[in-house]
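Data first, discussion second: the structure below is written as C-alpha cells.
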Amino acid sequence: MNVLIIGSGGREHAIAWKLKQSSKLNQLFIATGNAGTETLGTNLNINISDFKEVKKAVLEYAIKLVLVGPEVPLVEGIHDFFLADEKLRNIHVIGPQKYAAQLEGSKEFAKEFMQRHNIPTAAYKSFTKENLNEGFDFLETLKSPYVLKADGLAAGKGVIILPNLQEAKDELTDMLTNEKFGEASKTVIIEEFLDGIEMSCFILTDGKNYVNLPNAKDYKRIGEGDKGLNTGGMGAISPVPFADKEYLQKIEERVIKPTVLGLQKDNIPYKGFIFFGLIKVDNEPMVIEYNCRMGDPETEVVIPRIKSDLLELLIATGENNLENAAIEIDERSVVTVMLVSGGYPEAYEKGKVISGVENIEDSLIFHAGTKRNSNGEILTNGGRVIAVTSFRSDYKEALKTSYNSIKNISFDKMNYRKDIGFDL
Ligand code: AMP
Ligand code: GLY
C-alpha cells in the first residue's frame, strides 16, 4: 500500500520510521517532511492546506491511506474533503472529520462534550465580548490562580494562567475585545484551576473500537525546573512512572470509554488518534484537553514502544475493524530529549549546519525542523530541531543514553533541557 503522511515534524518522522518497517508498505510519501523523512520515503513539497494539491498528489502516486499528523488540516476539514470527492472517497484518512476535530479545535465544544458524557474536567463558563461583565463576575467567584483559554486553535499559546484577579480581568478584556488570538479568542473559557501532575494517554479508534497506545508525559516549558515560556514540548517519557495500574484503570473507565461511547451516542464518526491531556487531582484523572491527533514529542516515545505493525492497525481503523486488533507494547522505557534552536520559543535563526546526527548508535534520531541543502548538509529549519530517543529498562538509564548521544551532536546556539525526568 502507498501511504502519505501529512506533516513535517518529529512526530511525522517517528511515524514514517515505524511505517517503513511494515511488510504492507509499498511506497511512502511525506508532505512536506524534513531531512529525516526523506531517508525513509519521498518528501512532497505541496501546500498541505490546499486540499486540491493534496488530491493531485494522492491520485498521482496512487496513495491509499493518508495519515494526518497536525491538527490544522483536520480542523479545516481535510477528511471531509476526501469524503466529498468521488475519486478520494475510498482512500483511508486517519484523522477525524471537521466536526469531531472540534474536540481540539474548540475548547467550548470539548467542554460541552465532556459535560454531556460525565467525563471529569474542571468547572468552567464561556464568555464572549457581549457578556464580558459576567466574565468579571465569574472570575470573582473563583480562587487564584485564574485559567483563561481561547476557544479556538492558538498554536499552543491560548491558555493563560494568572495569579492576580485584576490581571485576569485585563487579560479577559484583551482576549475578547482586542481578539488577542484573532478568531480563536472570540470566545474564552474561564475554568477552575486544577492542581496536580499531568500526563497524556492516547488511543487509536475507528469510532467504535479502540486500542490503547503507550502513555507519556511531556515537558512543555523551555527552562529547567519547568520554568519559562511554554513550547511545543522539550522532551517526553513513556511509560509514565507514576501511572500505576489502578490509575490507568480509572482513566480507561472514567475517561477513555465514556469518550468513545460519547462519540457514538452523539453520532459523531471518528477515525484516528485521540490524545487525552490529563491531570491527577486527589488520585482521580481529570481531562485538561483533547487533541485530535498524536502529540509531538510524545509520538517520539509512544510509537517506538509499539511492537505491532502500525500500518495494519491503521488499515483496520480505516476499515472499521479495530475490534479484532491486538497491540503489543514494548515494556522498556523510552525517553526523548528535544534539541532546539537558541531563542526558541521566541525568535530564533534557521539554517545552522547540524553535525553528528549520522553517527549516533545508541539512540534513535527523529528530525523535526531540519532540511538538507544542495551539499547534502543537514540544516536547522525550525525551533524544535532534533528529538533524541532512547530505550532502556528504566527511564533514568534511557535519559543517560539520550544525554550521552547528545554530546556528539552540535549546531550553533543549540539548546536543550538537561533535566527531563527530574520531577519523577
Ligand atoms: P492546554 O492547551 O489546554 O493543554 O493547556 C496548556 C497547559 O495549561 C496544560 O498542559 C496545563 O499545564 C495548563 N492548564 C490548562 N488547564 C488547566 C487547569 N484547569 N488547571 C491547571 N492547569 C491547567
Ligand atoms: N506536546 C503537546 C502537543 O503535541 O500538543
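Where a number appears in this text, it was derived from the coordinates with a stated rule and is not lab data. Here the structure is a predicted model, which is why all the values come from computation and not from measurement. Heads up, the Cβs are rebuilt from the backbone with ideal geometry, glycines too, and the neighbour counts pull from every protein chain shown.
Couple of notes before you dig in:
- Measuring between their Cα centroids, region 268-341 and region 83-144 lie 21 Å from each other.
- Shape index of region 320-379: Rg/Rh, with Rg the Cα radius of gyration and Rh the Kirkwood radius from the inverse mean 1/r over Cα pairs, equals 1.15.
- Among the trypsin sites (Lys or Arg not before Pro) within region 34-139, those in coil by DSSP and having at most 11 neighbouring Cβ atoms inside 10 Å are 87, 89.
- Cα-based values for region 320-424, radius of gyration first and Dmax second, are 16.1, 50 Å.
- Counting charges near residue 299 (Lys, Arg +1; Asp, Glu -1) among other residues having Cβ under 12 Å from its Cβ returns a value of -1.
- Debye-formula intensities of region 1-160, expressed as log10 I(q)/I(0) at q = 0.15 Å⁻¹, are -0.85 (one equal scatterer per alpha-carbon, no solvent).
- Exceeding the 18 Å Cα-Cα cut-off - candidates 149/180; 245/307; 18/350; 18/407; 111/250; 24/64: 245/307; 18/350; 18/407; 111/250
- Springs join every pair of Cα atoms under 10 Å in this Gaussian network model of the chain, and among 226, 244, 218 the largest mean-square fluctuation is at 244.
- When you restrict to C-alpha pairs under 8 Å that are six or more residues apart and normalise by the size of region 159-301, the relative contact order lands at 25 percent.
- Each 10 Å bin from zero holds the following percent of Cα-Cα pairs in region 350-394: 27, 49, 19, 5, 0.
- Loop-located GluC sites (Glu not before Pro) in region 94-179 whose Cβ has at most 14 other Cβ within 10 Å (DSSP): 179
- Scattering from region 381-424 was approximated by placing one identical point on each alpha carbon and applying the Debye formula without solvent; log10 I(q)/I(0) at 0.13, 0.15, 0.25 1/Å stands at -0.31, -0.41, -0.99.
- Highest GNM mean-square fluctuation among 394, 206, 282, for the chain modelled with Cα contacts below 10 Å: 282.
- The calculated Kirkwood hydrodynamic radius for region 270-344 is 15.0 Å, given to one decimal from all distinct C-alpha pairs.
- Considering only alpha-carbon pairs that sit under 8 angstrom and 6 or more positions apart, the relative contact order computed for the chain is 17 percent.
- For region 1-83, the Kirkwood radius over C-alpha pairs fed into Stokes-Einstein at 25 °C and 0.890 mPa s yields D = 196 µm² per second.
- The share of alpha-carbon pairs in region 49-106 lying farther apart than 12 Å comes to 62%.
- Estimated D of region 83-129 in µm² per second, where Rh is the Kirkwood radius over Cα pairs and Stokes-Einstein applies at 25 °C, 0.890 mPa s: 188
- Working note: 222 nm ellipticity from helices only, DSSP H runs with n ≥ 4, each -39,500 (n - 2.57), summed and divided by the residues of the chain, gives -7500 deg cm²/dmol to the nearest 500.
- Cα convex hull, the chain: 142 Å³ per residue, rounded to a whole number.
- Choice from 271, 143, 280 with maximal GNM fluctuation in the chain (Cα, 10 Å cutoff): 143
- Trypsin sites (Lys or Arg not before Pro) within region 288-383: DSSP coil, no more than 15 neighbouring Cβ in 10 Å: 307, 350
- Net charge, residue 131 excluded, C-beta distance under 12 Å - Lys, Arg +1, Asp, Glu -1: -1
- Convex hull projection area averaged over all views, region 191-297, Cα basis, nm²: 7.3
- Formal net charge of residues neighbouring residue 408 (Cβ-Cβ distance under 12 Å; K, R +1; D, E -1): -2
- Here, region 71-187 yields an orientationally averaged convex hull projection of 8.6 nm² when only Cα atoms define the hull.
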